[in-house]
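Each value in this text was obtained by applying a stated rule to the coordinates, not by laboratory testing. What you are looking at is a predicted structure, and each value in this text was computed from that prediction instead of being measured. Glycine gets a Cβ as well: all are built from the backbone with ideal geometry, and neighbour counts include every protein chain shown.
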Amino acid sequence: MFEFKKILSSMLLPPGLFIVLCIIFYIYFRKRSVNSFLFIILSLVIYLFSIPFIWKKIICGIETKLLENISTDGDVIAVFGGGVTYFYDNIFNTKILDIYSGSRLFAAYKIHYKTHLPIILSGGYVFNQEAFGNSARDVLISLGVNEKYIHIDNLSRDTYENVKYIMEICKRNGYKKIIIISDAMHIPRISLLFENSDFKISFYPSSFLCTSYCWKDFLPGDILYSRTVFHEFLGYIWYRIFY
């Protein structure tokens with residue numbers, strides 16, 4: 001019954017629902033002698049983009065390789081900011097970070113707690129969203145981190161600008177070895193931007209997408225995996241060409 005429930009839900013929710021509709025349209029129009037083969041092609045494309053198995057293979061390969069080089073050897077921690085939610089935490093009087101920012105900041109807090117290294121919080125105002133740097137600083141202070149350990153970049157709007165302003169802060173303060181914190185899949189793009197710098201870079205991934213494989217990975221589901229792969233791949237190519 002559990003397996004049947006999972007299969008049924010994957011077919012009744014997008015994108016599985018779109019595959020079912022394409023098959024229904026194919027059968028309907030085929031009976032009316034209309035060329036309906038495009039519906040089968042479309043359903044196949046949606047299926048391949050929405051099953052985790054293919055994209056997890058790529059992601060797990062990248063993330064497994066990163067695990068070999070995790071290190072906390074540095075003299076400053078640099079956190080690449082994510083988003084800040086609309087919501088406010090009335091208990092700690094701070095903005096609530098999104099799941100990406102929260103995991104990155106927690107990783108930085110763990111390293112700081114163990115090493116007492118200073119932290120750079122990099123992330124500015126994007127559109128009408130609160131700056132990650134300011135919000136993350138408030139969270140760290142609420143957790144007991146002394147403000148003297150915190151540097152803020154609230155100007156950067158993308159990964160390129162994150163790297164630019166982090167390097168500026170490091171040069172001003174004499175930091176030579178930077179511990180980079182971000183999601184594992186984001187790290188190859190960050191590494192590319194530091195490629196020709198004079199800094200020694202180490203990485204501490206804050207979150208991973210790779211999980212154990214199972215039969216459910218062949219069911220249409222969340223396009224998170226395929227979107228993540230394409231987003232990071234296109235970002236990597238963009239920075240390789242233009243920077």
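Every helix of 4 or more DSSP H residues in the chain counts as -39500 (n - 2.57), and over all residues that averages to -16500 deg cm²/dmol at 222 nm.
Values [x] 48, 43, 38; [y] 59, 42, 33; [z] 73, 44, 34 are given for comparison; Cα extents along the principal axes in Å, derived from the coordinates here, is the one labelled [z].
Pick from Gly81, Gly221, Gly124: which residue has the top mean-square fluctuation in a GNM of the chain where Cα pairs under 10 Å get a spring? Of Gly81, Gly221, Gly124, the Gaussian network model singles out Gly221 as fluctuating most. Note that the range 85-100 has calculated 3J(HN,Hα) couplings of 6, 6, 8, 10, 8, 6, 6, 9, 6, 9, 5, 8, 7, 6, 5, 6 Hz, one per residue in order, obtained from phi through the Karplus relation 6.51 cos²θ - 1.76 cosθ + 1.60 (θ = phi - 60°); glycine and proline are x.
Which stretch or stretches of the range 191-234 have amide N atoms under 12 Å from the point lying 7 Å from Arg240's Cα along the Cα→Cβ direction? Counting only backbone N, you get 192, 233-234.
Taking amide H as placed 1.01 Å from N in the peptide plane, the amide H of Thr85 sits under 5 Å from that of Ile96, Leu97, Asp98, each at least 5 places away or on another chain.
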